[in-house]
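**Student:** Take this structure first; my questions come after.
The values are calculated or read from the model by the stated rules, or taken from the named source; none is laboratory data. Since the structure is predicted, the reported quantities are computational estimates derived from the model, not experimental observations. Counting neighbours? That spans all protein chains shown, and the Cβs are built from the backbone with ideal geometry, glycine included. Protein only, heavy atoms only, side chains kept; ligands, DNA and RNA dropped before computing areas. Shrake-Rupley method; radii C 1.70, N 1.55, O 1.52, S 1.80 Å.
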Amino acid sequence: MPGGGAMVAASGAGRPEYPGGLTMFVSMACLVAATGGLIFGYDIGVSGGVTSMDPFLSRFFPSVYRAQSAAAAAAGGNQYCRFDSQLLTMFTSSLYLAALASSLGAATVTRVAGRKWSMFAGGLVFLAGCALNGAAANVAMLIVGRVLLGVGIGFANQSVPVYLSEMAPARMRGMLNNGFQMMITTGVLAANLINYGTARIAGGWGWRLSLALAAVPAAVMTAGALFLPETPNSLLERGRRGEARRMLQRVRGEGVDVEDEYNDLVAAGEASRAVASPWRDILRRRNRPPLVMAVAIPLFQQLTGINVIMFYAPVLFRTLGFGGGASLMSAVITGGVNTAATLVSVLAVDRVGRRALFLEGGAQMVASQAAVGALIGARLGWSGTAAIPAGYAAAVVAAMCVYVAAFAWSWGPLAWLVPSEVMPLEVRPAGQSITVAVNMAMTFAVAQAFLPLLCRLRFVLFFFFAGWVAAMTAFVALFVPETKGVPIEDMAAVWSDHWYWKRFVDGDGDGARRRGDIEMGHK
């Protein structure tokens, strides 16, 4: 390879790694960028808590308030259907339609202006949504505010995982990228704690504080984006070679020989600039494997049923017969488990690999989802008319915590990590936009459908999700390759080594030529 730089020890995949470790500069940049996950996580946690608060329901959704009050007061009331309202679920899920649409536009901003400015734009719009929601006087203001929040989340979710994957050394990419999911879970936990406190504010206005405090993580991300360095990949993509060379040196550390990595980045950057239409190029045969990952992984992530727990945890626990305070505390418990288990993934993903976490987490989720369904079905039955005693309720919460822990160290962080690291540079923003769009579309569908499905399928809903988890675990076993320690510019070789995907990469002459050029360091 030109440049004379010696490669360091081989990765677990048998491929050489570039020299350079984790510098303080990269650590701080990735920490600031990962705060983009806070706004997503806070919103996930806050919406379910707010919609379980009686003052919020009585003001904006009086029919739901009357229905759940009647179910609580009437002996034999159907617990499964207490919160069945399309207007209420639209409050939660409208955000995700907006995030879907905005993520597609964010691909152009991320490619043309850079990753950091996409984060900055998303933060500004999110702040406007926080102001509207905190001051909402009617349902229309709530929905418009949620749409603005969705635009901000669409930009952040599109740009942050790409930024983290491009800044991180290959052998630490999983850990640093999982920082995004760590921030999401921290945001969920913070929102659950805040909801628990604001629900006790006299006067019933605590929901306003819960919604408005989403501005705090948004302000951190927006202000932090102003000071973030741009990634070497993005600078090369925009033809700024000198800046890219200096930034790569700073990222990998002074005195580190970055010539080999720089040459490979230049080759990838030239291929990127040669692509006139990333959206058309991503459909080419050679990009079929990463495109399938960009679609299938986020689609499957939402079919785990995680949003049953994260969005509607307080609502779900109240549906199961918990009191208002108990339901919020149960959500805090599951949020705490979520955060702690995500830390396990941060520490383990670059040691045990992506596939091991995917497969173990899938098996654990199948078992725990089935346990939740069995516990609820055994007590409430099909009619949903029985009360749940404290000890039995604790068993339900424990089973849900086992499920949340499995998701948090597997499909939670890896569904963002794997699609962001397998995309070629020339289609990376477009690929990440597809990932976010599919994720948001499925999030909307699950959020909108959950309460009606719970009313109609009862406890069988949990077995429905368990079946999907079994299917997606089989998909990982057959079709998801291990990417631990593989340099992001050498990802094409992963597909050429795979028993199934090699037919797409090796069968495309242009793809094979480009892979060889990258591996040999040719421009």
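**Student:** Just to make sure I understand: if all protein chains stay in place, what is the order of 416, 468 by accessible area at 1.4 Å, largest first?
**Tutor:** Final ranking, largest accessible area leading: 468, 416.
**Student:** Amide H of residue 22 versus every other amide H placed in the peptide plane: which residues, excluding those fewer than 5 positions away on the same chain, fall under 5 Å?
**Tutor:** none
**Student:** Can you quote the Å³ per residue value for the convex hull of the Cα atoms in segment 387-434, rounded to an integer?
**Tutor:** Each residue corresponds to 68 Å³ of Cα convex hull volume.
**Student:** Tally up the carbon and sulfur contribution to the accessible surface of segment 353-446 as a whole percent, 1.4 Å probe, everything protein left in place.
**Tutor:** The value for segment 353-446 is 76 percent carbon and sulfur by accessible area.
**Student:** Let me ask something else. Once you have the Cα-Cα distance between residue 25 and residue 270, take 0.36 nm times their residue separation minus that, and quote the gain in nm to one decimal.
**Tutor:** 85.5 nm
**Student:** Would you kindly compute the Cα radius of gyration of segment 328-461 and its largest Cα-Cα separation (Dmax), both in Å?
**Tutor:** Every Cα atom of segment 328-461 included, Rg and Dmax give 17.5, 57 Å.
**Student:** What whole-number value in Å² describes the accessible area per residue of segment 81-150 for a 1.4 Å probe?
**Tutor:** Result: 32 Å² of accessible area for each residue.
**Student:** Please compute the Kirkwood hydrodynamic radius of segment 134-240 from all pairs of different C-alpha atoms, in Å with one decimal.
**Tutor:** 16.3
**Student:** Modelled label-to-label distance, residue 209 and residue 348, 7 Å Cα→beta-carbon offset: nm?
**Tutor:** 3.8
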